[in-house]
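Structure, as structure tokens:
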Amino acid sequence: MTQLILYNTFNGLIIGTFYVLMALGLSLILNLSGVINFAHGGFLAVGGYLAYTLSPYIGFWASLIAAPLLTACIGIAIERTLIRRLYGRDPLYSLLLTFGLAFIFEDMTRAIWGAQGLPFTPPSFLTQPISLDFFFITYYRLFMMAVVGVVVLGLFLFLRYTRLGVRIRAGTLDLETVSALGVNVRALRTMNFAVGIFLAGLAGVLAGGNLSLEPTMGANVLMPSFVAIIVGGVGSLHGTLFGGLLIGVASGLTTVWFPSASEAVIYVIMAVVLLVRPRGLMGEEGIMS
Amino acid sequence: MSQGNNRRIIRRRQVLQAGAALGALQFAAPFIIQARGETPIKIGMVDPLTGAYAAVARSEVEGAKLAVQEINGNGGITGRPIELLVEDSANDTGTGVQKTRKLIERDGVSFIIGDVNSGVALAIAQVTNEKKILHIVPGGHSDAITGSDCHWNVFRVCNSTVMDGNAIADVLMEKFGKKWYFLTPDYAYGHSVQAALVKKLEAKGGKWEGALAPIGTPDYSSYLIKAKSYGPDVLINVMGAGDQVNSIKQYVQFGLAKQMPMGGTLFELESVLALPDDARAGWWTYEWYWNQPKVPQVAKFVADIKKQTNQIATARHWFGYVSIHSIALAANQAKSVESVAVAHALEDMKLPPEVGLIQNTAYFRKGDHQLMSDVFVGQAHGAKGNPDDLFEVTDVVPGEKAAGPAEQSGCKLTYPA
């Protein structure tokens, strides 16, 4: 039993890192632009499918970078033409827009790549377990964790030490002042959106190794990622990081006793957090409370 | 002032409309009477073209379209052509019911076909029963459709979960042993198929454990950890569509294929095609398979589907194809498109081999309106030469044997007085 609990705790951490990748992108966009991006799962699917199409030509490793970059370009185009128009309005408008975009993305991927699932396989030396006892730790999952670790570290360094990163953080706190100081807020928001979508595209490529590529693949990881943000606290990237890992572990541990509640448990956690501490575990006061 | 304007516009429009209607009536009326013999017979099809079951739903629609082409090229139903109207249920009960009502009330369809999702199919059946419209369920497997919730107007092409479970249970016990671990989706279909398998297993003194996984679970590692710690002779994977694909993909990556064999009821060709070659394994049932050397008529059907869709024919294509042909055959025999007459004609009607496309004769049995057709038991494998050759049939179980007597299905049919 203890072994089962230990296994599932560790396994939950692995799942959690994946939620973190999605949730950080969502969080970036939400914090600076006030847009709840329901189409994030659609961008994830597009990232995975692009990698599937590109990998026969440029290989798995190059498509791991190229596919998220292309997805980010699509993100920029959509931000410039559609989402930008709704900044400053009630968040409900952008929520409805991205909700519609999510459906359009799903049907577009279906029209281009077909309704049938597609097999996307990472290099075979990655898709093996490290040992017989720890069969659930494959090299691929370790690789995924490493990529997420590097990306998260890179993101925090980027936000702390680069000019653009500092401006994004400043804009999150007080956009009006940042704008008054002569920063091009429109460009800032576009770049920030692109970074968020890049993370979604990367999550898509990584997910393609574990899951089959399907037009609906993003939808199943989107809700847990939102929950991660709410549990961690809107406005805090550290909170999002913590929230993602927390719900991953909680959902993994629940399968030890009540497998059918493994999905429900993350919503229970969200409900408890909202009741006891509406701003989230590490959230700033005032945004959600 | 503006009110007065409005009123005047309406009045002018009404005059125009009345004039147009009068004019049209004079010329159009004889035309309608003349054309009545060739008005198409409308068949409505409701299937989840978007959502998790989109791939299998599209196959069903493609199969149905092929049947419509064949029938229309061959004199139609009592001389009238068929018009197929397809609607998307989006894998949602409310949408499915609404689309069905629209097809019946607004489009005036004579028959309804649908849905892949058993829950949606059952809800649609309530509507078609209320409207007294003949309804064929091509691919919803829950036992209730031709069991406790059966209706006089509802017929089903695909197998019930009991049929699939009965056909494979003995094979799994013989091949692997009597200690099973279930990976089951947490909804009507999963519960129903697990119950059918458990019944057979316990009757032979086997033991089991299992986990119910919510639909759309992306990660199966914690379930597989549990399964492995139980140490079963065989892992029974009855997850559906994409969930089954994802769980098998992870099972293979974890190297479990070498330690714990896998089997179950359905592992549809659409799902097999979505997996990498090394993940195509295990013992399963197919409800129809394209490679049947003993049935000469199958080759033409496979070739026609390939020509139309550039894909291999799957059981889902066959479901759609059989649904339309059955309606046409029964309506031609009854010389009517009236649902009660067609339903009576359909009962125990033997499908000709070019429609049934199996070794034995397929028919909808009178007791519960379930199609009696062969169940193909065998083993999935990686592509051998032909990229579509992914399953080896070892045993063909006749439908009657798999289904058991109709009296046991719990179905009581009562026709309207």
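Observations
Yes or no, residue by residue, for (1) surrounded by fewer than 24 Cβ atoms within 10 Å (Cβ to Cβ); (2) in a helix (DSSP H, G or I); (3) modelled with pLDDT of 90 or more; (4) within 14 Å of chain A (Cβ to nearest Cβ):
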| site | (1), (2), (3), (4) |
| --- | --- |
| B:MET163 | no, yes, yes, no |
| B:ALA167 | no, yes, yes, no |
| B:VAL171 | yes, yes, yes, no |
| B:GLY177 | yes, no, yes, no |
| B:TRP180 | no, no, yes, no |
| B:LEU183 | no, no, yes, yes |
| B:VAL198 | yes, yes, yes, no |
| B:TRP208 | yes, no, yes, no |
| B:ILE215 | yes, no, no, yes |
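- Annotation note: of A:THR2, A:THR9, the sole residue that is within 14 Å of another protein chain (Cβ to nearest Cβ), over 30 Å from A:LEU82 (Cα atoms), in contact (Cβ under 8 Å) with a residue 60 or more places away in the chain and surrounded by fewer than 24 Cβ atoms within 10 Å (Cβ to Cβ) is A:THR9.
- Test for B:GLY206: is it in contact (Cβ under 8 Å) with a residue 12 or more places away in the chain and out of contact with any strand residue (DSSP E or B) (no Cβ under 6 Å at 6 or more places or on another chain): yes
- Of all residues in the stretch A:233-289 being among the polar types (S, T, N, Q) and over 15 Å from A:MET223 (Cα atoms), the one that is modelled with the lowest pLDDT: A:SER289
- Filtered residues of the stretch A:63-91 (kept if of a type outside the set (A, V, I, L, M, F, W, C), in contact with a Ser or Thr (Cβ under 8 Å, 6 or more places away or on another chain) and either surrounded by fewer than 18 Cβ atoms within 10 Å (Cβ to Cβ) or not in a helix (DSSP H, G or I) (or both)): A:ARG80, A:ARG84, A:TYR87
- Among residues that are touching a residue at least 24 places away in the same chain (Cβ under 8 Å) and either farther than 20 Å from B:THR361 by Cα or β-branched (Val, Ile, Thr) (or both), B:PHE391 is included.
- Test: residue in the stretch A:32-55 that is under 26 Å from A:GLY154 (Cα atoms) and without any contact (Cβ under 8 Å) to a residue 40 or more places away in the chain: yes
- Of all residues making up the stretch A:65-105, the number that are under 17 Å from the mean Cα position of the chain (by Cα) and within 14 Å of chain B (Cβ to nearest Cβ): 2
- Count - residues of the stretch A:262-289 that are surrounded by fewer than 16 Cβ atoms within 10 Å (Cβ to Cβ) and within 10 Å of chain B (Cβ to nearest Cβ): 1
- Of residues in the stretch B:128-145 being of a type in the set (S, T, N, Q) and at pLDDT 95 or above, the one surrounded by the most Cβ atoms within 10 Å (Cβ to Cβ): B:THR128
- Every residue from the stretch B:46-69 that is assigned to a helix (DSSP H, G or I), more than 10 Å from chain A (Cβ to nearest Cβ) and touching a residue at least 40 places away in the same chain (Cβ under 8 Å): B:GLU60, B:VAL61, B:GLU62, B:GLY63, B:ALA64, B:LYS65, B:LEU66, B:ALA67, B:VAL68
- For the stretch B:263-288, a residue qualifies if it is within 14 Å of chain A (Cβ to nearest Cβ) and either part of a strand (DSSP E or B) or of a type in the set (Val, Ile, Thr) (or both), and exactly one does: B:VAL272.
- Some residue of the stretch A:51-62 being of a type in the set (A, V, I, L, M, F, W, C) and buried (at least 22 other Cβ atoms within 10 Å of the Cβ): yes
- A:VAL221 vs. criteria surrounded by 16 or more Cβ atoms within 10 Å (Cβ to Cβ), touching a residue at least 60 places away in the same chain (Cβ under 8 Å) and either within 13 Å of chain B (Cβ to nearest Cβ) or of a type in the set (Ser, Thr, Tyr) (or both): yes
- Test result for A:GLY280, part of a helix (DSSP H, G or I) and of a type outside the set (Ser, Thr, Tyr): no
- Residue, farthest from the other protein chains (Cβ to nearest Cβ), within the stretch B:217-259, restricted to residues that are surrounded by fewer than 23 Cβ atoms within 10 Å (Cβ to Cβ) and basic (Lys, Arg): B:LYS258
- Considered as a group, the residues in the stretch A:12-50 that are buried (at least 24 other Cβ atoms within 10 Å of the Cβ) and of a type in the set (Phe, Trp, Tyr) include one that is nearest to the other protein chains (Cβ to nearest Cβ), and that residue is A:PHE18.
- Selection within the stretch A:108-154 - in contact (Cβ under 8 Å) with a residue 60 or more places away in the chain, hydroxyl-bearing (Ser, Thr, Tyr) and within 8 Å of another protein chain (Cβ to nearest Cβ): A:THR121, A:THR127, A:TYR140
- Residue identified as within 30 Å of B:LEU224 (Cα to Cα), surrounded by 20 or more Cβ atoms within 10 Å (Cβ to Cβ) and out of contact with any Asp or Glu (no Cβ under 6 Å at 6 or more places or on another chain) among A:THR109, A:THR138: A:THR138
The values are calculated or read from the model by the stated rules, or taken from the named source; none is laboratory data. This structure is a prediction, so every number in the text was calculated from the model and none was measured. Here the Cβ is made from the backbone with ideal geometry for all residues, glycine too, and neighbour counts use every protein chain on show.
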